[in-house]
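What follows is a set of notes on a single structure, which appears directly below.
The values are calculated or read from the model by the stated rules, or taken from the named source; none is laboratory data. This is a predicted model, so every value here is computed, not measured. Here the Cβ positions follow ideal geometry from the backbone for every residue, glycine too, while neighbour counts run over all protein chains shown.
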Amino acid sequence: MKCKTAETWILRSLDGRLDERSRGLLAEHLKGCASCRKADAEYRSMMTLLREEREDAPLPRFWERLEPRLREEQKIVPLILWERWALHAIPVFAALVVLAAGLFIFTPQAREMSQSEALLIENANPFSETRSLFEGKRPEDKSMRLIFASLDEKPSVGRQSP
Amino acid sequence: MDEKQLVRLAQDGSQAAFEELVAKYQSKVFSMAMNFIRNREAADDAAQEVFLKAYLALPKFHLKSEFGTWLYRIAINHIKDVLRKRGRAKEVSLDDVRELSVADENAMEKAEAERETEARRGLVQGFVQGLPEKYRVILTLRDIQGLAYDEISRVLHLSPGTVDSRLHRARRMLRNKLGPCLSQEGGSHEM
């Protein structure tokens, strides 16, 4: 057996995790190997020292000191939960406000309809006023028509060539 | 009353049941804190905080593991936090460990000369503290606290193989540091 394997087996044996056969082989090796015997002895005394560290008692009246803290904590927890919720809610609320503002700004607004568009929607003739002028029976409308007609018939007055 | 019943009662709001659980585990949690923090008042305070955290987290504990395992997990995480805050959770590399062992030879010679158990204990504590955190935790849980391999595996969320290899490495490192002191001790050979 190699000394490296022996050391691994020594370490396992410290926890009682070595089978019968392996224990026998290790014992054989230790008989003939002084350095592994030394390692075995050192590991065992190291374990003894470590185990001396075990089980320390806490300071007196452990529960008496703990109990009021538990009661206090029970009162605080709902407040802490509320604070945490509020802390998370603030950025969420801010994000919602920004989103709403964005929607308001970037959504195309319905522009005001022109009079003729409104008339078209109402299925009314947008030229009714003009037509009434032409079809007008009022004397002033008729005279207006005559003025325009005379203007059309008038020959263009150009500068006479010499 | 068995532990599961106590846990259920505590979950239903029974302070008496929780008190029983505290009585059962207070020394274990305290000594674990003490092994890492090395100050009685601070370790006691850490133990109180651990039980406080456990009490508040009790509604989320679904009894999928042992109460002790769950509590140890809380304790380990809390102690790590405490050490981190105190700036003592600094990882020490293997090279640092070797340097330390040379530097501490004088201290070991002193301990040899005095041959007092307390001095040796102090030395062991000092060397355990000098181990990198991941080795220190495993060594403390197994060799000082006496937790079983599978329990350590559950507490630290590590495979049994990793627990095994880390523990062996931790013991080798500690033996290298303690070597001269240990050879004076001898030790019985029982296998």
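Can you tell me which residue within segment B:29-63, out of those that are basic (Lys, Arg) and more than 16 Å from the chain's Cα centre (by Cα), is farthest from the other protein chains (Cβ to nearest Cβ)? Ranking the qualifying residues of segment B:29-63, first place goes to B:60. Within segment A:8-38, the set of residues being facing another protein chain (nearest Cβ under 10 Å) and of a type in the set (A, V, I, L, M) comprises A:10, A:11, A:14, A:18, A:26, A:27, A:30. The residues in segment B:153-162 that are surrounded by fewer than 23 Cβ atoms within 10 Å (Cβ to Cβ) and in a helix (DSSP H, G or I) can be counted, and the count is 6. Against the conditions (1) more than 14 Å from chain B (Cβ to nearest Cβ); (2) at pLDDT 85 or above, residue A:117 satisfies every one except (2). Residues in segment B:9-28 that are touching a residue at least 24 places away in the same chain (Cβ under 8 Å) and more than 8 Å from chain A (Cβ to nearest Cβ) were compared, and the one that is farthest from residue A:70 (Cα to Cα) is B:25.
Of all positions in segment A:54-74, at least one carries a residue that is more than 7 Å from chain B (Cβ to nearest Cβ) and on the phi > 0 side of the Ramachandran plot.
Among the residues making up segment B:55-77, a single one is surrounded by 16 or more Cβ atoms within 10 Å (Cβ to Cβ) and part of a loop (DSSP other than H, G, I, E, B): B:61. Within the span defined as segment B:13-36, one or more residues are farther than 18 Å from residue B:125 by Cβ and in a loop (DSSP other than H, G, I, E, B).
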